[in-house]
Amino acid sequence: MATIIPLIDDAIKLSREEEYLGKEKTSFWASETELMAFEIYHRWVGTKPTNPITEEKLMMLKMRKLTEEAIVLFLRKSGALIEKFSNDERCYFEWGPHKVPISGYPDVGVNIGGEEIIVEIKTYYGGMQHNKIRNGGVRESYLKQLAIYMYHWKIKHGILFMVNQGTGERFEFELYQEGNEYHYICPDNGVEIDMLSVFKRFEKIWIENVKEKKEPEIEFQYKYDIEKIDWDEMSAGRISKARNNKAVIGDWSVIYSDFKDMIVKKQGTTLGYTDKEIARIKELTDGYTSKKSNQVKFNPNELQ
């Protein structure tokens, strides 16, 4: 019988309730640059999530937060830390003629050789994520979040600091504001960010949905039409999960949404695959294990 887990879960729930007690959403958050309009809207109007975050996920987020706090502590000891960017200093501004409210909290700022730099700290875990990140594959939403802070404080240099939660390995991705106030570039992976389009998207949601109290269309699909999926392009792992009804092939934005059940209902489908769908998937992917194993694999040594 579990003894410690229930105690921790109750404490996690209480902490979450205390943190958000009486708080209403009054702005677009810097972390929402790529969140679908449907979810932003329902967060704004206070709709109760149909799929609230689990205690395990909340504990994981707390552990990530502790890692971020440790990095801030180390930077403070270094003497380079800028306190005003590292002590829950809120970024808030109203953009454009419609005064679109945007806000967020930067993680930390440093002064290197007289230059002020905003730093956004993100943690990750797992071999697949590690391979993506060491090859420059960071989420653009992270860079956009950083760009919002840089835009607000008119700072031209930022760093996205990625930390492997499992190994402690660290990567830095620099971000520069170049040309005009909305144009940002990350030379470490060649990604360019157009913040004007980000702010205009927020503006559209603000005017057409939040102000009008009108629910947006759902931009993404929980479950793709199995007849239209290119199964040959799917990994053996994803096919196996679909065949065994352990995961659907669909948009991650919905699969991990706090409002997944609501979206599934509105899209007139069901959670997971039906028996009929499973049977058809197995027909469409018959012999997938041998097909995948026989595929020609790229060998980088052949280029040497």
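Within segment 248-259, being in contact with a helix residue (DSSP H, G or I) (Cβ under 6 Å, 6 or more places away or on another chain) and either surrounded by fewer than 16 Cβ atoms within 10 Å (Cβ to Cβ) or of a type outside the set (A, V, I, L, M, F, W, C) (or both) holds for one residue alone: 257.
Here residue 253 fulfils each of the conditions (1) in a loop (DSSP other than H, G, I, E, B); (2) farther than 19 Å from residue 280 by Cβ; (3) at pLDDT below 95; (4) of a type outside the set (Phe, Trp, Tyr) apart from (1). Residue-level analysis places residue 291 outside the set of residues that are modelled with pLDDT of 95 or more, charged (D, E, K, R) and either surrounded by fewer than 15 Cβ atoms within 10 Å (Cβ to Cβ) or not in a helix (DSSP H, G or I) (or both). Every residue in segment 62-71 that is in contact (Cβ under 8 Å) with a residue 40 or more places away in the chain and hydrophobic (A, V, I, L, M, F, W, C), please. Of everything in segment 62-71, those that are in contact (Cβ under 8 Å) with a residue 40 or more places away in the chain and hydrophobic (A, V, I, L, M, F, W, C) turn out to be 63, 71.
Within segment 77-112, being surrounded by 13 or more Cβ atoms within 10 Å (Cβ to Cβ) and part of a helix (DSSP H, G or I) holds for one residue alone: 85. When 124, 151, 142, 184 are checked against the criterion of being among the hydroxyl-bearing types (Ser, Thr, Tyr), surrounded by 14 or more Cβ atoms within 10 Å (Cβ to Cβ), at pLDDT below 95 and closer than 28 Å to residue 25 by Cα, 124 stands alone in meeting it. Within segment 217-232, the presence of at least one residue that is farther than 21 Å from residue 272 by Cα and either at pLDDT 95 or above or surrounded by 13 or more Cβ atoms within 10 Å (Cβ to Cβ) (or both) is confirmed. When segment 28-45 is filtered for residues that are open to solvent by 20 Å² or more (accessible area, probe 1.4 Å) and hydrophobic (A, V, I, L, M, F, W, C), the ones remaining, listed by number, are 29, 35, 44, 45. Going by the conditions given, is residue 37 of a type in the set (Gly, Ala, Ser) and under 20 Å from residue 162 (Cα atoms)? No. Of all residues in segment 50-76, those that are open to solvent by 50 Å² or more (accessible area, probe 1.4 Å) and not in a helix (DSSP H, G or I) total 4. Consider residue 170 against the criteria (1) at pLDDT 95 or above; (2) over 26 Å from residue 98 (Cα atoms): it satisfies all of them except one. Which criterion is unmet? All conditions are met except number (1). Yes or no: residue 156 open to solvent by less than 40 Å² (accessible area, probe 1.4 Å), within 29 Å of residue 66 (Cα to Cα) and in contact (Cβ under 8 Å) with a residue 12 or more places away in the chain? Judged against the criteria, residue 156 is not a match.
The values are calculated or read from the model by the stated rules, or taken from the named source; none is laboratory data. Everything quoted here is computed from the prediction, not taken from an experiment. We place every Cβ from the backbone using ideal geometry, glycine too, and count neighbours over all the protein chains shown. Heavy atoms of the whole protein, side chains included, go into the accessibility calculation; ligands, DNA and RNA do not. Shrake-Rupley method; radii C 1.70, N 1.55, O 1.52, S 1.80 Å.
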